[in-house]
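Input: a single structure, listed below in structure tokens.
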Amino acid sequence: MQVIKNILLVITVAFLFTACFSNKNLTHFSKKTKELNFVNNKQTLLKLPFSSSVRNIYTTTFCVRDSFIINEYNEKYGKLFLEYIDLDSMCRWTGLANSFFETSLRQEMNLDTLETVEKYDIDNYTFKTYKINEDSYLSAVYIYSTFSNTFLLDYEGKLYTELLKKLKPTYKNLFIDKKRFEKNYDKSLVKKNIFERYFTQDKERF
């Protein structure tokens with residue numbers, strides 16, 4: 001019986017170690033250098049410098065260990081929006097995080113249509129191009145690990161293209177020269193969670 005307990009303990013520790021490692025292995029933001037590193041398989045794909053200050057978003061819930069928003073016009077890539085959310089291990093999303101973000105985008109921007117015209121799933125990265133209101137295009141990158149999620153809107157599609165080419169060298173962006181969506185999105189899922197209940201305490205863990 002003791003042997004079984006020891007084995008279970010080892011498995012649990014290994015799982016937690018792997019989760020924590022993968023949680024740090026996808027994106028890393030340095031508040032000192034204001035630089036976000038995109039990582040895959042321990043290799044840095046791209047370093048993204050920001051000029052704007054990080055805007056931390058917290059609520060009374062203990063579910064969020066860390067979260068921030070960056071909304072700026074980047075010198076190299078143009079207008080970008082990014083929200084990073086790191087949940088506590090005792091909490092969980094109540095549905096698909098990416099779907100929650102898409103719903104928020106549609107509602108807050110009062111969009112008639114939000115059609116996915118391009119999608120690539122590569123490791124822990126999801127790349128999507130949306131056709132909005134049958135009129136313009138918007139690029140998005142979703143990055144996820146065990147407890148963290150990064151939501152990135154790339155209005156001009158330049159960062160989206162460069163990052164996707166790092167993972168898929170043959171990729172060609174067929175939408176980058178088309179009319180781009182310009183309306184500014186600046187909402188936080190963490191702040192909206194008070195009413196929307198995107199994530200909550202995982203009662204099964206207690």
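Throughout, read-outs are computed from the coordinates displayed, never taken from laboratory work. The structure displayed is predicted, hence computed values, not measured ones. Neighbour counts run over all protein chains shown; Cβ positions are idealised from the backbone, glycine included.
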Going by C-beta contacts inside 10 Å, put Lys168, Lys158 in order with the fewest on the left.
Lys168, Lys158
Going highest first, how would you order 160-166, 111-117 by mean Cβ packing within 10 Å?
160-166, 111-117
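So which GluC sites (Glu not before Pro) in the range 168-206 end up in coil per DSSP with only 11 or fewer other C-beta atoms within 10 Å?
Sparse-neighbourhood loop GluC sites (Glu not before Pro): Glu182.
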Please work out the C-alpha center-to-center distance from the range 155-202 to the range 38-115 and express it in whole Å.
8 Å
